[in-house]
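Visitor: Quick one: the structure is below, and I'll ask about it shortly.
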Amino acid sequence: MSIVKVQKIQIAAVASHKNTIIEVLQNFGSLHIEEITEQGGLGQLSPEEIAKIQQIELNHANAEYAIKILSPYGKKRGLLAGPITLTDQEMEEKSKGFDLNGLVKQCTVIEDSITSSKNDLNFLHNEKNLYTPWKNLKIDLCNLNGTKYTVLITGFIKTELFAATKEEIINLDRLTSISTVQTDDKLTYLTIICERTAEREIRQRLADRKFTETELPAGKGTIGEYLKSVSEKITTHSKNIKEQEAELTKLARQLDSLKIKYDHLNWQKEKSEAQRKAGNTTYSFIIEAWLPKNRVTELQNTLESHTKEFSIIEKPAEENELPPVILENKNVAWPFETLTRMYGLPSHTNLDPTPFLSVFFILFFALCLTDAAYGLIMFIVMGLALKFMTLGEGIRRLVKLLMYCGLVTFFVGAIFGGWFGFEAKYAPEFLTYTTAEGEKMFLFQQINAVTNPLAVLILALGLGFIQILFGLYIKLVHTYRQGYKKEALLDTAPWAFMMTGIGFFILGASQVLPAPAGMIGQWWVILATAILILTQGRDKKNPVMKLVGGILSLYGLVGYMSDILSYSRLLALGLATTIIALAVNVIVDLTGGIPYIGWLFAIVIFIGGHTFNLLINSLGSFIHSGRLQFVEFFGKFFEGGGKEFRAFSKKNKYVYIKNN
Amino acid sequence: MEDLFTQMGGLALAIAGAGIAVGLGGIGSSIGVGLAGQAGAGVVTEQPEKFGKALVLEALPGTQGIYGFLVGFIVLLVTGILTGDPKTLTLAQGGQLFFACIPCGLACLFSGIYQGKVTAAGMNMIAKDDSHMGKAMVLSAMVETYAVLGFLISALLVFFIKL
């Protein structure tokens, strides 16, 4: 339930054992390897080793490329089938016989062919669109250049301007011939044959009328024939793309094997990175790494079973060096690591907040959702997912967390009487009881958030107060233990004292505790104020400034107040769930009244509406309950910024390794 | 003017209030979800596998519309419009309901838009590294706080105004 103590070690061994030792360390799977820089006077890898590493990286990149190309053509694995599951040995065997280079070569060839066909198709479609209006032009394409004395201009103009333009040009030079090739409402396509001497003048007039010249393709035969050949090429290229895609679909059958190979290459890549980080001399090499303190002997023994030619030294951490952080939470607390990791790991001197936040998080989640039926559904669905699906570690953690959340929501929801937003007054008699105030409630229900939101608000703020006070005490104990006794006693303790006093005062004043408590609380707060004024200005030199600093520190109270008020969101989100559920039920009721088929709509709306409510509000509950931990709670005692412990191990993206 | 109000009666004012809550909340969320969705589409174009995450993020600025809808719904509920038996409200009561809807409407309008912007920025975070999903969600939820507070006050007001 804490941050694991780590130890820095140095492994030195004979160079000839390098591969074996790195392999053993990878299987050991609990080392965070640090890079040894050249400044230590240690050499780089040999050229052969570098070439080998580069080969592995190339293969890795190739496999990644092939997966990317083939994935859209492969079959999707069913949700229940889960990822590919193999043992270590099966993985080795399957990846050994796989012809990666062959597959990659095929993929490249096919992809090139598809790309070039697609480019050609683009070009051809453009040609087709451009020249289709000209299909009735009977002139042979090789005759379009004109003669010694005449010029041929082809192009189009707005139909509404055509008549006027034609007249103008004919008036300019009677020998000009203008013929229409194609015309529609918008555009008219024409050919103009004129004398070379008049060409400039005519072009000028045409430009004024926004005539657009079209350059027809060079070649032999009519434009109709040219278009026909374009169409034929389009068919060929489309066919080629289809064929190549069929080929890809065929290749995609190897996708699973490819993924296995990829993960296997991933292992090798990890190994080569470890090699890079090691320091080398001619005959030996050194690896520096962190590992959990209690596993040093185990590592020693494991290595000894392979070779005796090595040594492990425990090294103290250098100054300014941050040890990587491993969280260790057992059983029930483990799923809550999801939240801690979401925020970022604690720094190595800090404590793991996971167990502290767990109770609050789950309680707040339940208060935001407050529907027993929703809680039960969530618990069952997540439970089934956990049992029947093979899930990666991160997802399994989240699913388990949601399962717990569902369970707690069930109990909290029962206390709040939330059952799909039904109202107790319409429920069957045997499920309800009547309170002393004459209000009808569900069995086990203690409070009705809709008719008595004030009580829930007080509950929410009260819980917030408790959590913030708790955070202060954690900080007090932790800083004291860390050896910062002065800070703990003079900074944190007065505030913890103050807040406790305020709590006492409120309980007394609201007559929850017997009357003297209010009196004691009052003096307690006054004493705490005095202590705060006396301690908080102590950094200042001038005695007047000390006093002013102390008084100004009381402004911190506003911060605590706003933190506590932030917990009112628990009421708001709880109400939101209840009222949406209520709205769904009202609509169900209305549609249920439609004769004959009403019940069908009613069922669909009931299921759809409540599913929507469950999804949107559990998302909201998760985020807001999390936010209360991150902002209000963590703010009191937590420092993030820890460096994650990245174990040197066999990491997989696609394959799930089962322990043999 | 006074005539107009007297003729309309309190119920019309209450309905206008419901309209304000639902309408402004809806505008806020539409803009917010729109902004987030555009950014999300960009992410999904490059990395289709992040669709699920982008969708969850996109949904975040959608809650303002729901809060607005809820306040409107409670107004319909307390005035008895939903049960088909509307109460006769005095002008004062109608006015109270009308003003009670404003905190939610305004808070949701602006919080929806700005949450959308923060969420769109969060999309960039997941585009780069989707392990930052949680952080993106929390940053976005900070903006939602004020919509929650607005909703809380409106809901309490509407519930407790004596009719």
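The values are calculated or read from the model by the stated rules, or taken from the named source; none is laboratory data. This one's a predicted model, so the numbers in the text were calculated from it and none came from an experiment. Neighbour counts run over all protein chains shown; Cβ positions are idealised from the backbone, glycine included. Ligands, DNA and RNA are excluded from the accessible area calculation, which covers all protein heavy atoms including side chains. Shrake-Rupley method; radii C 1.70, N 1.55, O 1.52, S 1.80 Å.
Visitor: Checking the condition within 14 Å of chain B (Cβ to nearest Cβ) and either surrounded by fewer than 21 Cβ atoms within 10 Å (Cβ to Cβ) or not in a helix (DSSP H, G or I) (or both), which residue from A:619, A:628, A:614 passes?
Guide: A:619
Visitor: Of these, B:106, B:70, which one is under 11 Å from the mean Cα position of the chain (by Cα), open to solvent by 40 Å² or more (accessible area, probe 1.4 Å) and either closer than 26 Å to residue A:581 by Cβ or away from every other protein chain (no Cβ under 11 Å) (or both)?
Guide: Criteria check complete, one pass: B:106.
Visitor: Name every residue in region B:115-147 that is surrounded by 21 or more Cβ atoms within 10 Å (Cβ to Cβ), more than 10 Å from every other protein chain (Cβ to nearest Cβ) and of a type outside the set (A, V, I, L, M), in order of residue number.
Guide: B:115, B:116, B:119, B:122
Visitor: So, one more: Could you list, in sequence order, the residues of region A:554-598 that are over 15 Å from residue A:370 (Cβ atoms), within 13 Å of chain B (Cβ to nearest Cβ) and open to solvent by less than 10 Å² (accessible area, probe 1.4 Å)?
Guide: Listed by number, the list holds a single entry, A:583.
Visitor: Same structure, new question: Residue check: is residue A:269 open to solvent by less than 60 Å² (accessible area, probe 1.4 Å), within 23 Å of residue A:644 (Cβ to Cβ) and in a helix (DSSP H, G or I)?
Guide: Yes: the conditions hold for residue A:269.
Visitor: Given the conditions (1) at the interface with chain B (Cβ under 10 Å from one of its Cβ atoms); (2) out of contact with any Ser or Thr (no Cβ under 7 Å at 6 or more places or on another chain), report the number of the one that residue A:603 does not fulfil.
Guide: Residue A:603 satisfies every listed condition except (1).
Visitor: Is it true that some residue in region B:78-91 is at the interface with chain A (Cβ under 8 Å from one of its Cβ atoms), surrounded by fewer than 22 Cβ atoms within 10 Å (Cβ to Cβ) and more than 26 Å from residue B:2 (Cα to Cα)?
Guide: yes
Quick grid of which residues meet (1) modelled with pLDDT under 85; (2) more than 13 Å from residue A:374 (Cα to Cα); (3) of a type in the set (A, V, I, L, M):
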| residue | (1), (2), (3) |
| --- | --- |
| A:395 | no, yes, yes |
| A:403 | no, no, yes |
| A:411 | no, no, no |
| A:427 | yes, yes, yes |
| A:439 | yes, yes, no |
| A:448 | no, yes, no |
| A:451 | yes, yes, no |
| A:456 | no, yes, yes |
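Visitor: Inspect all residues belonging to region A:141-153 and state whether any of them is over 30 Å from residue A:272 (Cα atoms), in a loop (DSSP other than H, G, I, E, B) and in contact with a Lys or Arg (Cβ under 7 Å, 6 or more places away or on another chain).
Guide: Yes, the conditions are met somewhere in region A:141-153.
Visitor: Also, quick follow-up: Please verify whether residue A:601 is more than 27 Å from residue B:147 (Cβ to Cβ) and open to solvent by 60 Å² or more (accessible area, probe 1.4 Å), treating the condition exactly as stated.
Guide: yes
Visitor: If I ask for residues that are within 13 Å of chain A (Cβ to nearest Cβ), aliphatic (A, V, I, L, M), in contact (Cβ under 8 Å) with a residue 24 or more places away in the chain and surrounded by fewer than 23 Cβ atoms within 10 Å (Cβ to Cβ), which ones from region B:148-163 would you list?
Guide: Selection gives B:149, B:153, B:157.
Visitor: A further question on this structure: Collect the residues in region A:326-371 that are away from every other protein chain (no Cβ under 14 Å), in a helix (DSSP H, G or I), closer than 19 Å to residue A:478 by Cβ and open to solvent by 20 Å² or more (accessible area, probe 1.4 Å), keeping them in residue-number order.
Guide: Answer for region A:326-371, where residues must be away from every other protein chain (no Cβ under 14 Å), in a helix (DSSP H, G or I), closer than 19 Å to residue A:478 by Cβ and open to solvent by 20 Å² or more (accessible area, probe 1.4 Å): A:355, A:356, A:359, A:360.
Visitor: Being in contact (Cβ under 8 Å) with a residue 24 or more places away in the chain, of a type outside the set (Lys, Arg) and in contact with an Asp or Glu (Cβ under 8 Å, 6 or more places away or on another chain), is that true of even one residue in region A:248-265?
Guide: Taking every residue of region A:248-265 in turn, at least one turns out to be in contact (Cβ under 8 Å) with a residue 24 or more places away in the chain, of a type outside the set (Lys, Arg) and in contact with an Asp or Glu (Cβ under 8 Å, 6 or more places away or on another chain).
Visitor: Then there is this: Exactly one of (1) at pLDDT 90 or above; (2) more than 42 Å from the chain's Cα centre (by Cα); (3) β-branched (Val, Ile, Thr) is unmet by residue A:548. Its number?
Guide: Here residue A:548 meets the rest and fails (1).
Visitor: Please count how many residues of region A:219-265 are more than 30 Å from residue A:58 (Cβ to Cβ) and either of a type outside the set (S, T, N, Q) or outside any helix (DSSP H, G or I) (or both).
Guide: Within region A:219-265, residues that are more than 30 Å from residue A:58 (Cβ to Cβ) and either of a type outside the set (S, T, N, Q) or outside any helix (DSSP H, G or I) (or both) number 17.
Visitor: More than 10 Å from chain B (Cβ to nearest Cβ) and modelled with pLDDT under 90: is that true of residue A:638 in this structure?
Guide: yes
Visitor: Is there a residue in region A:456-477 that is hydrophobic (A, V, I, L, M, F, W, C), touching a Gly at 6+ places or on another chain (Cβ under 9 Å), under 24 Å from residue A:629 (Cβ atoms) and within 14 Å of chain B (Cβ to nearest Cβ)?
Guide: Scanning region A:456-477 turns up at least one residue that is hydrophobic (A, V, I, L, M, F, W, C), touching a Gly at 6+ places or on another chain (Cβ under 9 Å), under 24 Å from residue A:629 (Cβ atoms) and within 14 Å of chain B (Cβ to nearest Cβ).
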